[in-house]
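Let me begin by presenting the structure, written as structure tokens, before commenting on it.
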Amino acid sequence: MKNIAALALISSIALVSCKKETAKITKVDPKTGKTVTVEVPADSVAKVAENPAIKNSAGIVTQSFKLEKGKTYPLTTYQRDVKTMTDPQGKSITATTESTDEMNFTVNDIKGNVYEMTLNLVSKRSSQSAQGKTVVVDTKLPLPKEDDLKMIWNINRALTSNKLDMKMDTKGNVISITGFDAVYTKVSNAVGSLIKDANEKASVVASLKQSFNEKVLKDQFNKNLTIIPKKGVKVGEKWTTSENADPSGSIKVTSNYVLKSLGNGTAEIAVSGGIPKKTEKKAQGPITHSLSSELVQNGTIKFDANTGWITNQNITVKTTQIESITDGKQSQSMTSVSNSSVMVNPSAK
């Protein structure tokens with residue numbers, strides 16, 4: 001009997017030890033759209049800090065940042081555009097452009113709720129492919145042999161390998177970015193060997209200042225680093241933002257966001273929206289000219305729940321534009337379709 005009892009005890013221990021621990025995560029059921037809590041194997045769930053940066057408190061999810069002093073956080077942006085133009089005779093031409101901007105942020109100090117960081121501008125790469133030919137300008141590669149590419153390479157090379165000072169609070173608000181004057185000087189010196197005319201050189205630097213300054217970078221980082229509204233949202237809740245697609249502000253791009261899930265150490269947000277199809281017509285005598293355009297975007301954005309930092313963004317954008325002319329008897333049209341991939345930290349997808 002003792003042997004049987006011992007065997008039974010061993011069997012019981014074996015059963016208990018084989019039982020896998022589970023953890024609960026909250027997500028949106030793709031079939032019903034409802035928020036559900038499901039159990040998953042505990043070893044499949046990333047270790048989450050006791051007080052994570054992105055957390056669910058009483059059903060409301062909020063985003064903040066919990067970065068560590070001495071650590072570096074990546075923010076590499078990548079965009080790929082494949083544009084196809086079809087003429088009235090049905091002949092098509094396709095061109096592909098790619099651009100990569102690699103940068104990262106090193107936390108030097110934490111004072112109260114403010115991070116003092118170094119923004120490291122690491123590298124820039126761009127390429128264009130059309131009709132079997134590819135042209136590449138990469139700051140990690142030597143100076144191109146083509147004269148028309150040397151200027152681009154020199155400017156990009158002068159922009160990279162630079163450091164800017166940045167302050168950001170724990171809510172993701174960029175307080176300041178400084179150090180631009182040293183970069184402008186470096187670019188001016190770099191183009192000086194290629195441009196002798198002082199006015200032309202000044203024009204290049206002035207153009208750079210329009211696209212590379214504190215306001216532009218602040219807008220970019222505020223858009224990329226913080227997505228969840230300050231007031232917080234529920235899992236499955238939708239919110240919408242819009243921004244101008246043209247200087248006049250008459251056309252706006254709408255972005256719809258849904259917090260799909262918070263679990264496994266990750267907050268995942270779905271993105272949709274775009275620009276609704278719009279057609280403009282102008283008539284002059286018997287000739288009518290029309291132009292229709294539409295933009296559709298879809299994708300996901302993922303954040304590390306522990307730190308609040310963006311780990312990956314992968315959004316596809318399709319733009320369709322059709323231009324046509326008719327005299328009431330016959331018509332001709334030109335179609336342009338662009339399929340784009342807009343990514344952040346693409347290696348993490």
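The values are calculated or read from the model by the stated rules, or taken from the named source; none is laboratory data. All values reported here derive from a predicted model rather than from experimental measurement. FYI the Cβ positions are ideal-geometry reconstructions off the backbone, even for glycines, and counts take in every protein chain you see. Ligands, DNA and RNA are stripped out before the accessible areas are found, and what is left, the full protein with its side chains, is counted by its heavy atoms. Shrake-Rupley method; radii C 1.70, N 1.55, O 1.52, S 1.80 Å.
Starting from the stretch 264-284, keep only residues that are more than 15 Å from Gly299 (Cα to Cα), then list their pairs with residues that are among the acidic types (Asp, Glu) and open to solvent by 30 Å² or more (accessible area, probe 1.4 Å) whose Cβ atoms are within a distance under 9 Å, requiring at least 6 positions of separation or different chains.
Gly265/Asp304; Thr266/Asp304; Ile275/Glu294; Pro276/Glu294; Lys277/Glu294; Lys278/Glu294
A quick yes/no check of all residues on (1) hydrophobic (A, V, I, L, M, F, W, C); (2) in contact with a strand residue (DSSP E or B) (Cβ under 9 Å, 6 or more places away or on another chain):
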{"residue": "Ile152", "(1), (2)": "yes, yes"}
{"residue": "Lys167", "(1), (2)": "no, yes"}
{"residue": "Lys171", "(1), (2)": "no, yes"}
{"residue": "Val174", "(1), (2)": "yes, yes"}
{"residue": "Asp181", "(1), (2)": "no, no"}
{"residue": "Lys196", "(1), (2)": "no, no"}
{"residue": "Asn199", "(1), (2)": "no, no"}
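Is it true that Leu208 is open to solvent by less than 50 Å² (accessible area, probe 1.4 Å) and assigned to a helix (DSSP H, G or I)?
For Leu208, the condition - open to solvent by less than 50 Å² (accessible area, probe 1.4 Å) and assigned to a helix (DSSP H, G or I) - is met.
Name the residues in the stretch 150-170 that are modelled with pLDDT under 95 and either within 15 Å of Lys218 (Cα to Cα) or open to solvent by 80 Å² or more (accessible area, probe 1.4 Å) (or both), would you?
Matches in the stretch 150-170: Arg157, Ser161.
For the stretch 178-201, name all the residues that are open to solvent by 30 Å² or more (accessible area, probe 1.4 Å) and either in contact with a His (Cβ under 9 Å, 6 or more places away or on another chain) or not in a helix (DSSP H, G or I) (or both).
Once the filter is applied, which keeps residues that are open to solvent by 30 Å² or more (accessible area, probe 1.4 Å) and either in contact with a His (Cβ under 9 Å, 6 or more places away or on another chain) or not in a helix (DSSP H, G or I) (or both), the stretch 178-201 yields Thr178, Gly179, Ser193, Leu194, Lys196, Asp197.
Only one of (1) at pLDDT below 95; (2) within 24 Å of the chain's Cα centre (by Cα) fails for Val107. Which number is that?
Status for Val107: all satisfied but (1).
Which residue out of Ile175, Ile228 is open to solvent by 20 Å² or more (accessible area, probe 1.4 Å) and either in a helix (DSSP H, G or I) or closer than 30 Å to Val61 by Cα (or both)?
Going through Ile175, Ile228 in turn, just one is open to solvent by 20 Å² or more (accessible area, probe 1.4 Å) and either in a helix (DSSP H, G or I) or closer than 30 Å to Val61 by Cα (or both): Ile175.
Please enumerate the residues belonging to the stretch 137-149 that are open to solvent by 50 Å² or more (accessible area, probe 1.4 Å) and within 24 Å of the chain's Cα centre (by Cα).
The one that is open to solvent by 50 Å² or more (accessible area, probe 1.4 Å) and within 24 Å of the chain's Cα centre (by Cα): Lys140.
Hand me the list of strands (runs of 3 or more DSSP E) wholly inside the stretch 237-349 holding 3 or more residues that are surrounded by 14 or more Cβ atoms within 10 Å (Cβ to Cβ) and in contact with a strand residue (DSSP E or B) (Cβ under 8 Å, 6 or more places away or on another chain).
Once the strands (runs of 3 or more DSSP E) in the stretch 237-349 are filtered for at least 3 residues that are surrounded by 14 or more Cβ atoms within 10 Å (Cβ to Cβ) and in contact with a strand residue (DSSP E or B) (Cβ under 8 Å, 6 or more places away or on another chain), what remains is 252-263, 266-284, 287-304, 310-326, 331-344.
Check the stretch 162-174 and report whether any residue there is of a type in the set (S, T, N, Q) and without any contact (Cβ under 8 Å) to a residue 24 or more places away in the chain.
No - not one qualifying residue is present in the stretch 162-174.
Mind counting the residues in the stretch 70-98 that are farther than 12 Å from Thr307 by Cα and in a loop (DSSP other than H, G, I, E, B)?
8
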